[in-house]
Amino acid sequence: MTIVLYELVGRDAARPFSPHCWKIAMALAHKGLDSSSVPTRFLEVPAVEGGISKLVPVIRDGEKVIADSFAIALYLDETYPERPTLFSGDGGKAMARFIERWSQLTIHPYINTVAVMDLHAMQDEPNAAYFRQNREQRFGKRLEEVVAGRDAGLNAFRASLEPLRSMLGYQPFIGGASPLFADYIVFGALQWARIASPYRLLEHSDIVAQWFERCLDLNGGLGRTVAAA
């Protein structure tokens, strides 16, 4: 049975950009599960599966509907244990939860600064109006003021990745010799930036950038099916 994944898109339905949806797209491919995408714009999210969640991703697997990327990953591993693991046990689940918190508190805020105007430009008119109102309320300033700080914050952002950079000196993936859901969490954040904005976050020589390139090649090159901005 094909699993349905609701993914966030802008004007172009073929360019899903949400970091959380990319986590699940990669997780489904990692487990070798058949899936289909339902492109979903911001203003359409409240109607997904009867309003189960204010956010996507949401998946439908037969009669089961699950929201929240971490909950979906747990469901996939528990429901399809015969397929490649996303966590490799309870320790991997705990590690992934730490990586999720670290990514959302360290990586996501700067990417929002970098890409917020580019994300706004990706939307059609009604969704762009929603996006501007929502994000300006969140940031407490105009989007143009938010993005104005990206150059000043770049060096600090790159420095904040040093724990990841150092760890990747020992092993090719966060999960060790091969990727786990923890890799897809950080990959999703950097893929969000790659698809939304041409702004260069990392130098090509950075070991984190090299890890990201390896992740783009995973699962039959799934990450490369959407071109960079």
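The values are calculated or read from the model by the stated rules, or taken from the named source; none is laboratory data. Everything quoted here is computed from the prediction, not taken from an experiment. A quick note on method: Cβ atoms are made from the backbone with ideal geometry, for glycine too, and the neighbour counts reach across all protein chains shown. Heads up: the accessible areas ignore ligands, DNA and RNA and are worked out on the full protein's heavy atoms, side chains in. Shrake-Rupley method; radii C 1.70, N 1.55, O 1.52, S 1.80 Å.
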Given the conditions (1) in a helix (DSSP H, G or I); (2) in contact (Cβ under 8 Å) with a residue 40 or more places away in the chain; (3) open to solvent by less than 30 Å² (accessible area, probe 1.4 Å), every one holds for residue 146 apart from (2)
Checked 83, 138, 97 against criteria (out of contact with any Leu (no Cβ under 6 Å at 6 or more places or on another chain), part of a loop (DSSP other than H, G, I, E, B) and open to solvent by 50 Å² or more (accessible area, probe 1.4 Å)); the one match is 83
- Task: Could you tell me whether any residue of the range 47-62 is of a type in the set (Ser, Thr, Tyr), open to solvent by 10 Å² or more (accessible area, probe 1.4 Å) and not in a helix (DSSP H, G or I)?
- Result: yes
Taking first residues from the range 151-164 that are closer than 11 Å to residue 110 by Cβ and second residues anywhere that are assigned to a helix (DSSP H, G or I) and among the charged types (D, E, K, R), the pairs with Cβ under 8 Å that are 6 or more apart or on different chains are none
Counting only residues in the range 121-133 that are free of Cβ contacts under 8 Å to residues at least 12 places away in the same chain and open to solvent by 30 Å² or more (accessible area, probe 1.4 Å), the one nearest to residue 229 (Cα to Cα) is identified as 121
The condition from (1) touching a Pro at 6+ places or on another chain (Cβ under 9 Å); (2) surrounded by fewer than 16 Cβ atoms within 10 Å (Cβ to Cβ) that residue 189 misses is numbered (2)
Checked 38, 116 against criteria (open to solvent by less than 40 Å² (accessible area, probe 1.4 Å) and not in a loop (DSSP other than H, G, I, E, B)); the one match is 116
Note on the range 167-203: residues closer than 30 Å to residue 90 by Cβ, out of contact with any Gly (no Cβ under 6 Å at 6 or more places or on another chain), in a loop (DSSP other than H, G, I, E, B) and of a type outside the set (Phe, Trp, Tyr) are 168, 169, 171, 172, 174, 175, 177, 178, 179
Taking the range 150-205 and keeping only residues that are of a type in the set (Phe, Trp, Tyr) and out of contact with any Phe, Trp or Tyr (no Cβ under 9 Å at 6 or more places or on another chain), one is left with 170, 199
In the range 63-73, anything within 20 Å of residue 104 (Cβ to Cβ) and either in a strand (DSSP E or B) or touching a strand residue (DSSP E or B) at 6+ places or on another chain (Cβ under 9 Å) (or both) is listed as 66, 67, 68, 72
Flagged pairs (Cβ under 7 angstrom, 6 or more apart or on separate chains; first in the range 197-217, of a type in the set (Gly, Ala, Ser); second loosely packed, with under 14 Cβ neighbours inside 10 Å) are 209/203
Picked from the range 204-229 (must be assigned to a loop (DSSP other than H, G, I, E, B) and open to solvent by 80 Å² or more (accessible area, probe 1.4 Å)), the residue nearest to residue 167 (Cα to Cα) is 205
